[in-house]
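Just below is one structure, and these are the notes that go with it.
The values are calculated or read from the model by the stated rules, or taken from the named source; none is laboratory data. All figures in this text were calculated on a predicted structure; none of them were measured in a lab. Every residue, glycine as well, gets a Cβ built from its backbone with ideal geometry; the counts of neighbours run over all protein chains shown. Heads up: the accessible areas ignore ligands, DNA and RNA and are worked out on the full protein's heavy atoms, side chains in. Shrake-Rupley method; radii C 1.70, N 1.55, O 1.52, S 1.80 Å.
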Amino acid sequence: MRKALRWLLALTVLIGTLGTASAATAAEPEATGSTDIKERLLSIPGMSLVEEKPYTGYRFFVLNYTQPVDHRRPSKGTFQQRITVLHKDVSRPTVFFTSGYNVSTTPRRSEPAQIVDGNQVSLEYRFFTPSRPDPANWSKLDIWQAASDQHRVFTALKGIYGKNWISTGGSKGGMTATYYERFYPRDMDGVVAYVAPNDVVNKEDSAYDRFFARVGTKECRDRLNAVQREALVRREPLEKKYAAYAKENDLTFETIGSLDKAYEATVLDYVWGFWQYSLLKDCDQIPADAKNATDDEIWTSVDTISGFSAYADQGLETYTPYYYQAGTQLGAPTIHFPHIEKKYLRYGYQPPRNFVPRDIPMKFQPSAMRDVDTWVRHNARQMLFVYGQNDPWGAEPFRVGKGAKDSYVFTAPGMNHGANVAGLVPEQKALATARILDWAGVASSAVQADPQAAKPLARFDAKLDKRDTQREMTLRP
């Protein structure tokens, strides 16, 4: 599950992707006599250039922006927050992308940016290195402070990119886009949140148990459950293999407490991890007869899906900010394992506290997610939520109520944590595309008259629209 949580990560997903106006579409030149876009960006107080990378049809900048550590008390210190700008033209709309984790410094385009053929601003989440204050006051890592980071970046760039803005992100990035809208509802013209978990009541997670009881097919569930159980039955020989693996790779386990805890956490991530990142057809790759499989076959299957480095200190360190937030505001799923006898379970699904160094204090705030959920249900405006039918994180989704306007929750059949607009059924795909174009201010009269005529304005570019999926631990969105 950690894998789950991490993946919740994880997916540093530029969830984007299918379809995209050809990056090949050359960027339109700036108006004659206008200041170069790099000069305009660097004229913003607090903005500095890290590097510029070439990409056909665009200009791509990696930048640092000076942010206050505490937006409520801006005089109490600052830090440098990393952002990137994929610049097409100031006459085009802009998509504000967040992964909720580190920002990619390789040119990438999210699906909404491809749909509207626009610019893209991407922001690294505070406290993910190098965007971490020094010294790090972890109490300043919360959803309001992060939303305020986005608000300041938007305010700084709106003078350059004056057309419509849409925020987006996948997984924790989809959560981030949603929280931003909750705290600053007047900034964006639309929100596209992909596979965004919504753990309203942290201690009530029965929705996940129901999900795992019926996802996919019984044959596939039985295969996965059998391998997971067998990995615990064979704990002693496989932990010897794990110890050798850890020694060979210089892995340590101070944060989680022991190799034994890390082993069980990795194994318990296995089923969640499969459904998060694999498809039903991939069940063919799972050992069909776990009891008669070799130790190496069990090890390889678990390692491929969960990753035995996930709960070592070296695997956890990058994601300390995520686990801190999971244990203070976001919540973390807990599931049960009815197919595994209690004698094989020593720890069960471990809480986020076990994945954060003990010198960092944590206290859970149960009202944070309830507040966001209530706000979305009653106040959502021009928001689109996209989920995957077979994605565990969709077991607790956002929903829109009667008070919401021009807002939608769609589910892509058969898809996992990589679900996107392109994977929706045709009618929903066209409607979602039409609404995104309209929110961005670039819907043609034909699309306004008939949403079913809507298509992305940019062609798909295999390199630019490649998803950056970091398959870390499962329990990470």
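Scanning the range 290-316 for residues that are more than 16 Å from TYR270 (Cα to Cα) and free of Cβ contacts under 8 Å to residues at least 40 places away in the same chain yields a count of 2. Considering the range 351-380, and only residues there that are under 17 Å from LEU316 (Cα atoms) and out of contact with any Gly (no Cβ under 9 Å at 6 or more places or on another chain), the residue that is surrounded by the most Cβ atoms within 10 Å (Cβ to Cβ) turns out to be ILE360. Tell me, yes or no, whether the range 295-306 has at least one residue that is under 17 Å from ALA231 (Cβ atoms) and of a type in the set (Gly, Ala, Ser). Scanning the range 295-306 turns up at least one residue that is under 17 Å from ALA231 (Cβ atoms) and of a type in the set (Gly, Ala, Ser). Could you tell me whether any residue of the range 261-269 is under 20 Å from ILE340 (Cβ atoms), open to solvent by less than 10 Å² (accessible area, probe 1.4 Å) and part of a loop (DSSP other than H, G, I, E, B)? The answer is yes, given that some residue of the range 261-269 is under 20 Å from ILE340 (Cβ atoms), open to solvent by less than 10 Å² (accessible area, probe 1.4 Å) and part of a loop (DSSP other than H, G, I, E, B).
Among the residues making up the range 95-107, those that are part of a loop (DSSP other than H, G, I, E, B) and either modelled with pLDDT under 95 or open to solvent by 10 Å² or more (accessible area, probe 1.4 Å) (or both) are ASN102, VAL103, SER104, THR105, THR106, PRO107. Can you name every one of the strands (runs of 3 or more DSSP E) wholly within the range 109-200 that holds 2 or more residues which are more than 21 Å from ALA432 (Cβ to Cβ) and either touching a strand residue (DSSP E or B) at 6+ places or on another chain (Cβ under 7 Å) or open to solvent by less than 10 Å² (accessible area, probe 1.4 Å) (or both)? Those strands (runs of 3 or more DSSP E) span 119-123.
Condition test on ALA213, is it over 30 Å from TRP439 (Cβ atoms), without any contact (Cβ under 8 Å) to a residue 24 or more places away in the chain, touching a Pro at 6+ places or on another chain (Cβ under 9 Å) and not in a loop (DSSP other than H, G, I, E, B)? For ALA213, the condition - over 30 Å from TRP439 (Cβ atoms), without any contact (Cβ under 8 Å) to a residue 24 or more places away in the chain, touching a Pro at 6+ places or on another chain (Cβ under 9 Å) and not in a loop (DSSP other than H, G, I, E, B) - is met. When the range 406-448 is limited to residues that are more than 25 Å from TRP165 (Cβ to Cβ) and assigned to a helix (DSSP H, G or I), the one that is least open to solvent (accessible area, probe 1.4 Å) turns out to be PRO426. Apart from one condition, PHE385 fits all of (1) surrounded by 22 or more Cβ atoms within 10 Å (Cβ to Cβ); (2) assigned to a loop (DSSP other than H, G, I, E, B); the exception is (2). Just one residue in the set ARG59, ARG82, ARG92 is touching a residue at least 24 places away in the same chain (Cβ under 8 Å), closer than 24 Å to GLY441 by Cβ, open to solvent by 10 Å² or more (accessible area, probe 1.4 Å) and assigned to a strand (DSSP E or B); that residue is ARG59.
Restricting the range 39-56 to residues that are closer than 23 Å to PHE127 by Cα and part of a strand (DSSP E or B) leaves a set whose member that is least open to solvent (accessible area, probe 1.4 Å) is MET47. Do you know which residues across the range 224-237 are open to solvent by less than 50 Å² (accessible area, probe 1.4 Å) and either in a helix (DSSP H, G or I) or farther than 14 Å from THR294 by Cα (or both)? Selection gives LEU224, ASN225, ALA226, VAL227, GLN228, GLU230, ALA231, LEU232, ARG235.
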